[in-house]
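Contents: one structure, followed by commentary.
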Amino acid sequence: MISIRNLFKNYHDVPVLERVNLDVERGTFCTIVGASGCGKSTFLRIVLGQERASRGDILIDGKALPEEPTPERGIVFQRYSVFPHLTVHQNLMLAADFDGSPLFARAFGAERKAAREKADGLLDRIGLGQARDRYPSQLSGGMQQRLAIAQSLTKNPQILLLDEPFGALDPGVRVDMHGLLIDLWKQHDMTIFMVTHDIAEAFKLGTRLIVFDKVRHDPDFPNAYGATITYDLKLKNGSTGDAARTAEFLATENLTTGRASNVHQTNSA
Ligand SMILES: Nc1ncnc2c1ncn2[C@@H]1O[C@H](COP(=O)(O)OP(=O)(O)O)[C@@H](O)[C@H]1O
Ligand SMILES: [Mg+2]
């Protein structure tokens, strides 16, 4: 269980997030939407431990979240930078080693062989088995994101943070990635927080959807207030793209202009 209590985040004097409260059960696939610049990436970075909250607490199973990133938390960004001179397999081994694990690149002999096999297994699962010896310039955008996801999984994270991971991909490739992600989520028994600007994707993948928005506005001081959670919807587990509900949601609310006024709790599961 991840518990976020009255979280605030300011950059210098500018509030970005305010009064964020959220309890998330283990195994939840929590999708996050909200207007550009409202603090979604900031929220993920705080959960990752890359950024400190200005106020408030984040508890995991009742204990304070470690302030530094730890192996229990993995992250995937929209655009991933790999080492161009290393192959897919080498990039994956390096990712594991960078985190200080002696398991992969620094291991020798039998250990090293086991580490290689583990990396190969991960590449197979992620659909990159055939591409293990290719260089990044020889990969499509979808394959690069597969590699990014593989890297985020090298330490078996319990919490996976995804920041618009498929935003740069073509629609057909996205659909493949959705299937892959759902499979991985189930196999690895992870709690996922995924930011997306695609509301249909948020409905399709999430078991819970939250919306960040500003509820307070001061026309004279547009930066006077931060965003908070304005919607919190439980979704049908593993529902496959509920287009009608997406349309209904979009028709009733305007997510880009910040008109939502209250926290709405619905339970449609
Ligand atoms: N390191 C930073 N220093 C100062 N301001 C920042 C920093 N990171 C983000 N911001 C500001 O915080 C706000 C929220 O940014 P971000 O979390 O990236 O939004 P989103 O991901 O929802 O588009 C933006 O106004 C952005 O300019
Ligand atoms: Mg962002």
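At a glance:
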item	result
Count - residues of the stretch 175-223 that are within 26 Å of Q151 (Cα to Cα), buried (at least 18 other Cβ atoms within 10 Å of the Cβ) and among the basic types (K, R)	2
Residue match in the stretch 238-252 (condition: assigned by TED's automatic domain parsing to the domain that holds V47, modelled with pLDDT of 90 or more and either within 16 Å of ligand 2 (Cβ to nearest atom) or small (G, A, S) (or both))	no
T191 farther than 24 Å from S81 by Cβ and under 13 Å from the mean Cα position of the chain (by Cα)	yes
Filter result for K186 (part of a loop (DSSP other than H, G, I, E, B) and out of contact with any Cys (no Cβ under 7 Å at 6 or more places or on another chain))	no
Some residue of the stretch 167-176 being assigned by TED's automatic domain parsing to the domain that holds Q90, outside any helix (DSSP H, G or I), away from ligand 2 (no atom under 16 Å from the Cβ) and not aromatic (F, W, Y)	no
Selected residue (criterion: modelled with the lowest pLDDT) from residues of the stretch 35-54 that are of a type outside the set (D, E, K, R), within 6 Å of ligand 1 (Cβ to nearest atom) and crowded, with 22+ Cβ neighbours inside 10 Å	C38
Matching residues, the stretch 204-228, being farther than 17 Å from V24 by Cα and either out of contact with any Pro (no Cβ under 8 Å at 6 or more places or on another chain) or not assigned by TED's automatic domain parsing to the domain that holds T28 (or both)	K204, D213, K214, V215, R216, H217, D218, P219, D220, F221, P222, A227
Test: residue in the stretch 208-223 that is basic (K, R), at pLDDT below 90 and on the phi < 0 side of the Ramachandran plot	yes
Hits in the stretch 189-238 - residues which are within 14 Å of A35 (Cα to Cα), of a type in the set (V, I, T), more than 14 Å from ligand 1 (Cβ to nearest atom) and outside any helix (DSSP H, G or I)	V215
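The values are calculated or read from the model by the stated rules, or taken from the named source; none is laboratory data. All of these numbers come straight from a predicted model, not from anything done at the bench. Using ideal geometry, Cβ is built from the backbone for each residue, glycine included, and neighbour counts are taken over all protein chains shown.
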